[in-house]
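Student: Before I ask anything, let me first share the structure, which is written out below as structure tokens.
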There are 2 protein chains.
Amino acid sequence: MKRIILSLMALATLSASAQFGGGRVNPTVPSVTENVTEDFKPAPNNQSGHQYPMVNSQRMVRAQISAPNATSVGLDISGTIYSMTKNENGVWTGTSAPQDEGFHYYQLNIDGASVPDPGSLYYYGASRWGSGIEVPSADQEFWQVKNVPQGSVNEVYYWSSVTEAMRHCYIYFPHEYYTNTTKKFPVLYLMHGMGENEHGWAEQGHTGQIMDNLIAQGKAVPFIVVIDCLDARAANPQNAAPQGGFAGGQRPVTQGAPQGQGGGQRRGGFGGGFMMGGAFQDVLIKDIIPMVEKNYRVIADPQHRAMAGLSMGGMTTHSVTLANPTTFAYVGMFSGGTFNTQELENADDFKKTNKVLFMSCGGKENMGVMEAAENLKKIGVNATGYISEGTAHEWHTWRRSLYQFAQLIFK
Amino acid sequence: MKRIILSLMALATLSASAQFGGGRVNPTVPSVTENVTEDFKPAPNNQSGHQYPMVNSQRMVRAQISAPNATSVGLDISGTIYSMTKNENGVWTGTSAPQDEGFHYYQLNIDGASVPDPGSLYYYGASRWGSGIEVPSADQEFWQVKNVPQGSVNEVYYWSSVTEAMRHCYIYFPHEYYTNTTKKFPVLYLMHGMGENEHGWAEQGHTGQIMDNLIAQGKAVPFIVVIDCLDARAANPQNAAPQGGFAGGQRPVTQGAPQGQGGGQRRGGFGGGFMMGGAFQDVLIKDIIPMVEKNYRVIADPQHRAMAGLSMGGMTTHSVTLANPTTFAYVGMFSGGTFNTQELENADDFKKTNKVLFMSCGGKENMGVMEAAENLKKIGVNATGYISEGTAHEWHTWRRSLYQFAQLIFK
């Protein structure tokens, strides 16, 4: 348990979610000007028609914004603010040091105001909706849209008896769910990390594309993915509490709702009050799994149920699957620490039910996943370790982890 | 035709899509300070934990942002920039004149930079992803999340033989689609307006909630809604052309794709190159309808097919349904002008197929929908006019229009 807590603290420090949080200001350095290869191209995830932000072949990010009356503008990415410079037309430009392959949250700082870049698309992470940039990676084909049989990501609201409110999730259905209308499918319950919500796996995580491509190649069996949220707060207009947070399992209050209404916003009301351990477990076991197994064509047994998550969602997977040892046959922790032999040595129910225990992290993280997998194998657990080379505690690590994990389960 | 073109020009002027476009700068006025009722509450669609923006009972919008080093900050909403004032902590605050009930796009202006407000959620409209604010309305219950049987909005990619690229749409399925797995359903094809894309009806349009609530109350029959995009550009990584636009029907080019890849971004690649008339018609008739009728449980005949759209999407509905008179029995134009008697007098196929012709607009628009409906009735068309009281060329008009139209069709 001590190890778990230490891991969680390490994750909180590492996590992109902490980048912009808590009034902490990242250090400011000059924009990079030396040894810059001038082959910048618009980032692949810019807003339509926008040239900036750009990325070059060294994976440097270049941002640009028109702010004719500003006195200082900075590009805030990966824990550093790069000061931008103004040209005669009032347009500011700045270039970062090389970034890791994959997706990064960032923001601009204009005369002390931290704002999204109007050139980028917006994502939920680092505890806010804001800019994200996709730095092209050598292996990115695996998560991109291909002309293969398409499943779809569904936006679903459901009633939670635990929080006594409507909640919001995404559910991926494989193509075959629509074309073979009598077949039942296995289900993976997939969780986000700290400072994130259910939008992460649906958007920057590209769960739909990863699954469609794997299934089309015959590398994964078709299964359903339920992408829920660790936040206790609900999407219900009457129960939404947009101000402040509240602790795990506490019932959403109504008095915080603006105009007595809230708004039933699909993207609001999340991000502050995370449910740890027991509270989310209650929602998962009492509300989410029964809702899924009632409404959809699902094989409702442990051998066709998996749970996985990234970072804090991996820690949650750890605690929920330990506490419910006969519920999930497949368990995945992506940058979420490890199981250890002491925990599982005498966990007979867990070991009897479990078919695959997957633990992964980025090559720039040090989580001991390979060593943990070796040790767990010695006590009879089918454990697998995976390292995402060249990436840190960020989304490209987790996309690759899902890609690996999805090939191991329900087989 | 002349009338159609004139109407389209009028719409382009009226449309919120033009608000921030084309380098035009809205006039700046002082923040409102007199006769302001100090009962401001956080807008219902703020980002989690954010107090600002706020709305008061007079429907004034108050924005606030920390920008300690800025020299001027403005709140840009509904065609006017309200200059904000700074306090001793470097926090800027500004208040707008009263706004209409419903949803409005807006942005902040910091020392000449136009940026999203970090307190709001972000929406696609006015040709950009950016801030939107929900000004509470007396009738808003109809589009809010309720604990009723839930359908779901699906994110779907499909191959277009016309554009030779993958395209992106949303498809709403009613609750019964999942629970009654042998039943087939009618389909409404629902289009967005200028400067918008398929996200509009799925997000700020609240199609899923409007439909779920209507079906739960027995006011609408369960039907499928296909929400597509008038933009010719595709969501395919190989074909995405993030720079510039291209004219209707032209094939997406590859050389504009950054790093040779693009990104398969679900929210990118739209917004610049709209397909008018013929080009979109081709995609709809040759790709979208066949894809829907092949993959889903759909009643594939004209009496179970409807088409509607807002603004430019209404104009498109006008031209597509006139050119395909036996394809759609139900036609809706929301703030999209009117059909006139000359067009339909001798359109025997159209009149024989059509069951409902619905034309609507906001009370602050003057589109002659009631008069047009009266005239069309005289030549044997079952035309209906609807005026959304107190609203202009904005989303609350269109939500109400969908709410009305959905009650009339497939009955």
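The values are calculated or read from the model by the stated rules, or taken from the named source; none is laboratory data. Source: prediction; values computed, not measured. We place every Cβ from the backbone using ideal geometry, glycine too, and count neighbours over all the protein chains shown. Ligands, DNA and RNA are excluded from the accessible area calculation, which covers all protein heavy atoms including side chains. Shrake-Rupley method; radii C 1.70, N 1.55, O 1.52, S 1.80 Å.
Student: Using amide H atoms built 1.01 Å from N in the peptide plane, name the residues 5+ places from B:ALA165, or on other chains, whose amide H lies under 5 Å from its own.
Tutor: B:SER160
Student: Next question, about the same structure. Just by accessible area at a 1.4 angstrom probe, what is the order of B:ILE224, B:ILE299 from largest to smallest?
Tutor: Sorted by accessible area, descending: B:ILE299, B:ILE224.
Student: Give me the distance between the Cα centres of segment B:108-122 and segment B:154-214, rounded to whole Å.
Tutor: Their Cα centres are 30 Å away from one another.
Student: So, one more: Is the shape of segment A:80-183 rounded, prolate or oblate, going by the alpha carbon gyration tensor and its root eigenvalues a ≥ b ≥ c, with a/c under 1.5 for rounded and a/b larger than b/c for prolate?
Tutor: oblate
Student: Note down the accessible area of A:GLU203, probe 1.4 Å, to the nearest 10 Å².
Tutor: 10 Å²
Student: With every protein chain in place, what's the accessible area of A:PHE103 (1.4 Å probe, Å², nearest 10)?
Tutor: 0 Å²
Student: Probe radius 1.4 Å, ligands and nucleic acids ignored: give me the carbon and sulfur share of the accessible area of segment B:301-411 as a rounded percent. Working shown, then result.
Tutor: On the way: 1710 of 3730 Å².
Answer for segment B:301-411: carbon and sulfur cover 46 percent of the accessible area.
Student: Check which residues have an amide H placed less than 5 Å from A:MET60's amide H, if you skip close sequence neighbours.
Tutor: Sorted by chain and number, the residues that satisfy this are A:GLN99.
Student: A further question on this structure: Mind running the shape call on segment A:290-406? Use the C-alpha gyration tensor, a ≥ b ≥ c as the square roots of the eigenvalues: rounded below 1.5 for a/c, prolate if a/b tops b/c, oblate otherwise.
Tutor: Values: a/c = 2.16, a/b = 1.25, b/c = 1.73.
It is oblate, given that a/c is not under 1.5 and a/b is not larger than b/c.
Student: While we're on this one: Let's see if you can work this out: charge +1 on each Lys and Arg Cβ, -1 on each Asp and Glu Cβ, no other charges. What is the dipole magnitude of segment A:97-165 about its Cα centre, in debye to the nearest 20?
Tutor: Result for segment A:97-165 is approximately 140 debye, rounded to the nearest 20.
Student: Using a Cα-Cα cut-off of under 27 Å, which lysines could be cross-linked to A:LYS294, ignoring same-chain neighbours fewer than 8 residues away?
Tutor: A:LYS183, A:LYS184, A:LYS286, A:LYS352, A:LYS355, A:LYS411, B:LYS146, B:LYS183, B:LYS184, B:LYS219, B:LYS294
Student: Find every distance from the label point of B:LYS219 to the corresponding label point in the other copies (7 Å from Cα along Cα→Cβ) and write them in nm, one decimal, shortest first.
Tutor: Result, one decimal in nm: 4.8.
Student: Treating the point 7 Å from Cα along Cα-beta-carbon as the label, what are the nm separations from A:SER161 to the other copies, to one decimal?
Tutor: Spelled out, the distances from A:SER161's label point are 5.0 nm.
Student: Using a 1.4 Å probe and ignoring any ligands, DNA or RNA, find the accessible area of A:LYS364 and quote it in Å² to the nearest 10.
Tutor: Number for this one is 120 Å².
Student: How do A:TYR122, B:TYR296 rank by accessible surface area computed with a 1.4 Å probe, from largest to smallest?
Tutor: In descending accessible area the options line up as B:TYR296, A:TYR122.
Student: Hey, another quick one. What is the spin-label model distance, in nm, from A:LYS378 to B:ASP348 if the labels are put 7 Å beyond Cα along the C-beta direction?
Tutor: 8.9 nm
Student: Another one. Could you compute how much accessible area chains B and A hide from each other, both sides summed, with a 1.4 Å probe? Nearest 100 Å² is fine.
Tutor: 6800 Å²
Student: Using the Cβ atoms and a cut-off under 13 Å, what net charge is assigned to the surroundings of B:SER83, where Lys and Arg are +1 and Asp and Glu are -1?
Tutor: -1
Student: Follow-up question, since we're still on this one. Can you grab the distance from the C-alpha centre of segment A:49-103 to the C-alpha centre of segment B:315-354, Å, no decimals?
Tutor: Comparing the Cα centres of segment A:49-103 and segment B:315-354, I get a distance of 50 Å.
Student: For an R0 of 25 angstrom, estimate the FRET efficiency from the Cβ-Cβ distance between A:THR80 and B:THR85 and round to the nearest 0.05.
Tutor: About 0.15, to the nearest 0.05.
Student: Distances in nm, one decimal, shortest first, from A:LYS411 to the same residue in every other copy, taking the label point 7 angstrom along Cα→Cβ.
Tutor: 5.4
Student: Name the long-range amide H neighbours of A:VAL298: under 5 Å, sequence gap of 5 or more, or other chain; modelled H, no Pro or chain starts.
Tutor: A:PHE185
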